[in-house]
1. Do we find a residue being more than 14 Å from Ile11 (Cβ to Cβ) and among the aromatic types (Phe, Trp, Tyr) anywhere in region 80-100?
2. Could you tell me how many of the residues in region 312-327 are without any contact (Cβ under 8 Å) to a residue 40 or more places away in the chain and among the aliphatic types (A, V, I, L, M)?
3. Quick check on my filter: what residues within region 317-336 are among the basic types (Lys, Arg), within 26 Å of Glu219 (Cα to Cα) and surrounded by fewer than 19 Cβ atoms within 10 Å (Cβ to Cβ)?
4. If only one of Glu104, Glu175 is farther than 22 Å from Leu53 by Cβ, of a type outside the set (A, V, I, L, M) and touching a Ser or Thr at 6+ places or on another chain (Cβ under 7 Å), which one is it?
5. Which of the residues that make up region 233-252 are over 13 Å from Thr297 (Cβ atoms) and touching a strand residue (DSSP E or B) at 6+ places or on another chain (Cβ under 9 Å)?
6. Just the residues that are surrounded by fewer than 19 Cβ atoms within 10 Å (Cβ to Cβ) and in a loop (DSSP other than H, G, I, E, B), please, taken from region 210-223.
7. From Ala148, Ala212, grab the single residue that is of a type outside the set (S, T, N, Q), at pLDDT 80 or above and within 17 Å of the chain's Cα centre (by Cα).
8. Tally time: how many residues in region 261-276 are surrounded by fewer than 19 Cβ atoms within 10 Å (Cβ to Cβ) and under 21 Å from the mean Cα position of the chain (by Cα)?
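The values are calculated or read from the model by the stated rules, or taken from the named source; none is laboratory data. Since this is a predicted model, take the numbers as computed values, not measurements. Glycine also receives a Cβ, built like all others from the backbone with ideal geometry; neighbour counts cover every protein chain displayed.
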Amino acid sequence: MKTSMKKLGLIVNPIAGMGGAVGLKGTDGKTTLKRARSLGAKPIAPTRAELFLSYLKPFENEIQFIATAGMMGASEVHNAGFTCEIVGDVKDETDAVDTNNAAEAMTNKNVDLLVFCGGDGTARDIMDIVNMHLPVLGVPTGVKMHSAVFAFNPESAARTTARFFFNELPLREAEVMDVDEEAFRNGRVSARLYGYVLTPYEPDSIQSIKVASPVSEEELRNQAAIAIYMIDEIMKPNVVYILGPGTTTRTITDLLDEKKTLLGVDLLCNKKVIAHDVNENKILKMIHNRDATIVVTLIGGQGFIFGRGNQQISSSVIRQVGTKNIIVVATKSKLGQLRKLRVDTGDPVLDKDFSGKINVIIDYGEQYAMVVE
């Protein structure tokens, strides 16, 4: 083995993100995982890990992979066509302790970069062990991804990894955040800062932390103006509107005297909510052979319109609705924080279909064209 080779440690949380498409807003805890599986949830982290690894193929002779046993990393490395040194034991079921043990093994191996595939919970588990001892980079595969340790998607994670290894990207202290899942399911965002890890500094590939919407009279007026414009000028009879999470989309139903789940996806038709807190399967069933439009807002500070907190609106849903039938709404203050919008649907081909510009409704009769990457 060449001593000049870079050592990449890989930890995959194989259950991360399983609660997204089925509307559970996370998979922390055995009870939630069991429920997610009963609803038909499928693992997404292993596929995302293999996608990340596929982009590193040009560097296979320059990177030494050290991976956690089984589906926590080694299987994905082998499926991607690489060899690796394996740490730990194969487990049928994994939990936070297994992630902790894997992170400790990577620390002992003194890897040059520890890459993990998971969400905020996985980031916390790794931070508890690694602290500031190793550079860490997240491949986003969870439901909750408020932390600033995540790349935009698997491709940007691979690009950052290569640039860090071979072009000497600097490191920065990145925030590790997490949300109380039970509060999240009940419509309350209870996020807190847990600490920091060192992450390669690549602002064009690494997301910022999620920024909460300001609570001000001006913001509320702006949301109301957007909602009135949607109701008066945009919404058509007999069309099913798939409303993503957020206060801006909720204002639409508030003005219709209808109840919307703040952090869930609801369906609206003829100005009445016809289904609350729906998952991917329910959406697909209810829009079958019907005209439908997706209405989403963006994640403050990050710019994501798909792939962060609204995984129920999956690539299958988007393809059935059509990219031309997507409406993005956002207040001026929220949009003003951003240079670009982002998508991470889990389908790289679909993500590229969004490339270009999309109009964002920012006030009554007022739209602004934003670049999407």
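1. Scanning region 80-100, I find at least one residue that is more than 14 Å from Ile11 (Cβ to Cβ) and among the aromatic types (Phe, Trp, Tyr), so the answer is yes.
2. Number satisfying all stated conditions: 2.
3. Across region 317-336, the qualifying residue is only Lys332.
4. Working: Glu104 fails: touching a Ser or Thr at 6+ places or on another chain (Cβ under 7 Å).
Answer to the selection: Glu175.
5. Ile234, Met235, Lys236, Pro237, Asn238, Val239, Val240, Tyr241
6. Val211, Ala212, Ser213, Pro214, Val215, Ser216
7. Working: Ala212 fails: at pLDDT 80 or above.
Criteria check complete, one pass: Ala148.
8. Residues flagged as surrounded by fewer than 19 Cβ atoms within 10 Å (Cβ to Cβ) and under 21 Å from the mean Cα position of the chain (by Cα) within region 261-276 amount to 1.
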